[in-house]
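The values are calculated or read from the model by the stated rules, or taken from the named source; none is laboratory data. Being a predicted model, the structure only gives us computed values, none of them experimental. All Cβ positions, even for glycine, are placed from backbone atoms using ideal geometry, and neighbour counts span all protein chains on display.
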Amino acid sequence: MSCINRRDLALLALRAGTGAVLMAHGTQKLFGWFGGAGLDGTAAAMEHMGFTPGRHSALAAGLGETGGGALLVLGLATPAAGAAAAGAMAGAVSVHAPAGFFAQGGGFEYPAFLGFTAAAIGLAGAGRYSLDHATGHTFDQRWMLGLAFAASALAAAVVVTKRAQGQSEGGEEE
């Protein structure tokens, strides 16, 4: 097997694993699958965590995880998929950051790892075994990479900053 095939198989495995985990988390938020709270429960939790309005925040997080994860699995619009998932994970990191780094103490290790992995896939591209490759990279153009990551970073910064401001005004820290 050539190095190119091994690289493409590795990208497929990485996309499938990361995308599936993101999709599972997102469907917990959107539909209540896998023991999740569903959209109403997630909206209430988002409000409690300082993300307002809660329903919009829950929908954005759920779609970023589910949609970004599904697109990663398929290898379609990979820059946008990686950016969307990484942006969604930035919000999760902001919630877990006060607990430190390690997940065992409630820290941000796990959402950070998912976000960085999704971003890395978005930057690297989906590889040969993907819909991006099959469609001639129609949804995976160079300009899309910069635009997707800039938009995701801006959206994440706005959401996290708004949450932090709301917490400092309310004096509440999670």
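Structure data summary
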read-out: Gly166 vs. criteria farther than 17 Å from Gly91 by Cα and either small (Gly, Ala, Ser) or surrounded by 14 or more Cβ atoms within 10 Å (Cβ to Cβ) (or both); value: no
read-out: Answer from Gly115, Gly107 - the residue that is modelled with pLDDT of 95 or more, in contact with a helix residue (DSSP H, G or I) (Cβ under 6 Å, 6 or more places away or on another chain) and in a helix (DSSP H, G or I); value: Gly115
read-out: Considering residues of region 104-158 that are crowded, with 18+ Cβ neighbours inside 10 Å and among the acidic types (Asp, Glu) only, the residue nearest to Leu14 (Cα to Cα); value: Asp132
